[in-house]
Amino acid sequence: MIISVIGLILFVGLVGVTLLGGRLRRIVPAEHLSADSKEVVKLALGLVATMTAILLGLLISSAKGTFDTTRSEVIQMAAKVALLDRVLKLYGPQATDSRSALRNSVADGVRQIWPAERTGSVAPSTPATETTRTSAQRQPASPTTRETSRRPPPANGWAARS
């Protein structure tokens, strides 16, 4: 709605300036309407148009760069969440609560970033103390897949690299 109002204001302004220019042409002295004066005005308008085109190009380039950066950050975050979910899946039934908490956290994050309705402010759905309390209550677990259960634990406490 606001875009159409701005467009209407610009249209009315341009029509008004055009009509004003037509009336001023009768009042302006003849030496201001010579071919040289018209040529100077054409050059000035060409310069303004060129500078506007350069400015719009830079603006679009900046917006594209910001979009690409944000897109790659979202893709990286999604990949990290998927990896975390897979790692938690290796822990089997012990990590069911953690996996559901992860899914709920991701769903809340998506709703906060991209709300269905774009009006109003978005408040966090869970306070930080509740999240901290939940993570503090979790017990350490170990993966329960066949591959990890067959492997003897490493001597230094770190997982061996494949």
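Taking residue 111, is it within 24 Å of the chain's Cα centre (by Cα) and surrounded by 11 or more Cβ atoms within 10 Å (Cβ to Cβ)? Spelling it out, residue 111 is indeed within 24 Å of the chain's Cα centre (by Cα) and surrounded by 11 or more Cβ atoms within 10 Å (Cβ to Cβ).
Taken together, the residues in the stretch 59-107 that are surrounded by 12 or more Cβ atoms within 10 Å (Cβ to Cβ) and among the polar types (S, T, N, Q) amount to 5. Cβ-Cβ distances below 8 Å connect the following pairs, each with a first residue in the stretch 82-106 that is among the hydroxyl-bearing types (Ser, Thr, Tyr), a second residue that is in a helix (DSSP H, G or I) and at pLDDT below 95, and a separation of six or more residues or different chains: 91/98; 98/88; 105/131. Among the residues of the stretch 23-40, those identified as of a type outside the set (D, E, K, R) and at pLDDT below 90 are 24, 27, 28, 29, 30, 32, 33, 34, 35, 37.
The values are calculated or read from the model by the stated rules, or taken from the named source; none is laboratory data. Not measured: the values here are computed from a predicted model. Counting neighbours? That spans all protein chains shown, and the Cβs are built from the backbone with ideal geometry, glycine included.
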